[in-house]
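Student: This is the structure I want to talk about, given as structure tokens.
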Amino acid sequence: MNINTNYDNLEQSYLFSTIAKKVNEYIKSNPDKKVIRLGIGDVTLPLCKAVTDALHKAVDEMGVQSTFRGYGPEQGYDFLREAVQGYYKYHSVDLELDEIFISDGAKSDLGNILDLFGTDNTILVPDPVYPVYVDTNIMAGREVKFVDANQGNEFLPMPDKNVKADIIYICSPNNPTGAVYDKAKLKEWIDYAISNEAIILFDSAYECFISDETLPRSIYEIEGAKDCAIEFCSLSKTAGFTGTRCGYTIVPKNLGKLNKMWVRRQTTKFNGVPYIVQRGAEAVFSEEGQKEIKININYYKQNAKLISDTLKECGIWHVGGKHSPYIWLKCPNSMKSWEFFDYLLENAQIVGTPGSGFGKNGEGYFRLTSFGSYENTVEAMERFKKIFG
Ligand code: MLT
């Protein structure tokens, strides 16, 4: 028996597991201290009423023989695919139903999609970025090249014609920096991908935070994207589905064999998202659902503004928070990322995410999330001001 030795090339544990372990240890030895978590991007507001009503109804259907459902279509029920199709149409993107695949979240599909590609592809990943892109490729033994994101390019790296890549990851609005590509910049990436015969894996998990109509929420808003891009989206941040699990992946038919290969992969390795969850997801796209989730998104945006205003007051350099739930800041007093993590936990009982966990260019930076409760965010910022104000 041979094990996959590529795992030896990974960090010992996944970033957010390492943080959770450190925080749990701190709480164990300081049981009287109130820790405020602004680390992992996990939502805190409950599911909206339109969703819970739909979930309840679907549960009842499952308890009655005539409406009970067993295995569903692996690609998702048509009612949800049609709802997703309508959502894209609203943003002026036309999709065919069989280009839409319902998933249990963007993270799983971002890993699973790699089944479609050989190990000899060169992967291009921005640094810093969501660690799943790098780790899933390391697990498969692929070569990963990095493109630098930094203050100089406003954390929006652009393609370098001298670098050859086969698979390119783009996350916009970006996790962790909150930076968003405009249409012209994305077009440059699309042209680069087409001229390299490469594929863009576009993660749009934070699209619902975009508040400027001119910024693209889907890569397919830009000409040429259907010839080179697969898009991943999720209801986790959009509608609080981090625990409920539902997302969608778009594999355009223009991509030749890839659409059929994905069908083959999913029908073999995946049995679909539960019917009950898909009914809840369908409700997100209803008129009522859209109204209700906007209230929640605005609540998080208010938190983001509060964090940003506090950092401004303290004279701390930062970006993000405008079209994204994340605020990306430079660690005060030239501290390193993990040093600042420990300092903040120890002195203010605030948990954030060390920038270096997202790549070498993240060293010296730190990410705060706006997904906490308003009250906790206010308290955290008061503690922050006491130290750095
Ligand atoms: C994050 O904090 O970066 C996200 O919660 C991770 C995820 O969505 O898996």
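Student: Place +1 on the Cβ of every Lys and Arg and -1 on the Cβ of every Asp and Glu in region 57-123, take the dipole about the Cα centre, and give the residue among GLY63, GLY118, SER108 whose Cα lies farthest towards its positive end.
Tutor: Of the listed residues, the answer is GLY63.
Student: I've got another one for you. Can you give the accessible area per residue of region 49-288, in Å², using a 1.4 Å probe?
Tutor: Per residue, region 49-288 has an accessible area of 41 Å².
Student: Next question, about the same structure. Would you mind classifying region 149-275 by shape? Square roots of the alpha carbon gyration tensor eigenvalues, ordered a ≥ b ≥ c; an a/c under 1.5 is rounded, otherwise it is prolate if a/b is larger than b/c and oblate if not.
Tutor: Note, shape of region 149-275 comes out oblate.
Student: Pull up the DSSP beta bridges for region 49-288 and report the antiparallel fraction as a percent, rounded to 5.
Tutor: Within region 49-288, antiparallel bridges account for around 30 percent of the total.
Student: Can you give the % of DSSP beta bridges in region 171-261 that are antiparallel, to the nearest 5?
Tutor: 45
Student: Enter the Cα centre distance for the pair region 327-378 and region 30-83, rounded to the nearest angstrom.
Tutor: Between the Cα centres of region 327-378 and region 30-83 lies a distance of 30 Å.
Student: Check GLY247: other-chain or 5+ apart residues with amide H under 5 Å from its amide H, H built from backbone geometry?
Tutor: Sorted by chain and number, the residues that satisfy this are SER103, ASP104, GLY105, LEU235.
Student: Among ASP115, ASP135, ASP32, which one moves the most in a GNM of the chain with springs linking Cα atoms closer than 10 Å?
Tutor: Highest fluctuation among the options: ASP32.
Student: Continuing with the same structure: Mind listing which chymotrypsin sites (Phe, Trp or Tyr not before Pro) in region 62-92 are in a DSSP loop and have 15 or fewer other Cβ atoms within 10 Å?
Tutor: Sites meeting the loop and neighbour criteria: PHE68, TYR71.
Student: At a threshold of 8 angstrom on Cα-Cα distance, excluding pairs fewer than six apart, so keeping six or more, what relative contact order does region 1-126 reach in percent?
Tutor: Taking the mean separation of contacting Cα pairs over the length of region 1-126, I get 13 percent.
Student: So, one more: Give me the percent relative contact order of the chain, please, defined on Cα pairs under 8 angstrom at least 6 residues apart.
Tutor: 23
Student: Straight distance only, please: which aspartates and glutamates reach the Cα of LYS49 with their own Cα at less than 16 Å, same-chain residues fewer than 8 apart left out?
Tutor: Partners within reach: GLU282, GLU287, GLU288, GLU292.
Student: Could you tell me the distance between the Cα centroids of region 120-186 and region 264-304, to the nearest Å?
Tutor: 26
Student: Can you compute the helix-only [θ] at 222 nm over the chain? Use -39500 (n - 2.57) per DSSP H run of at least 4 residues, normalise by all residues, nearest 500 deg cm²/dmol.
Tutor: Taken over the chain, the calculation gives -12500 deg cm²/dmol.
Student: Quick one: putting +1 on the C-beta of Lys and Arg, -1 on the C-beta of Asp and Glu, what dipole do you get for the chain around its Cα centre, in Debye to the nearest 20?
Tutor: 680
The values are calculated or read from the model by the stated rules, or taken from the named source; none is laboratory data. Keep in mind that this is a model prediction, so the values were computed, not measured. Virtual Cβ from ideal backbone geometry, glycine too; neighbours counted across all protein chains shown. Remember, those area values only see protein heavy atoms, side chains included, never the ligands or the DNA or RNA. Shrake-Rupley method; radii C 1.70, N 1.55, O 1.52, S 1.80 Å.
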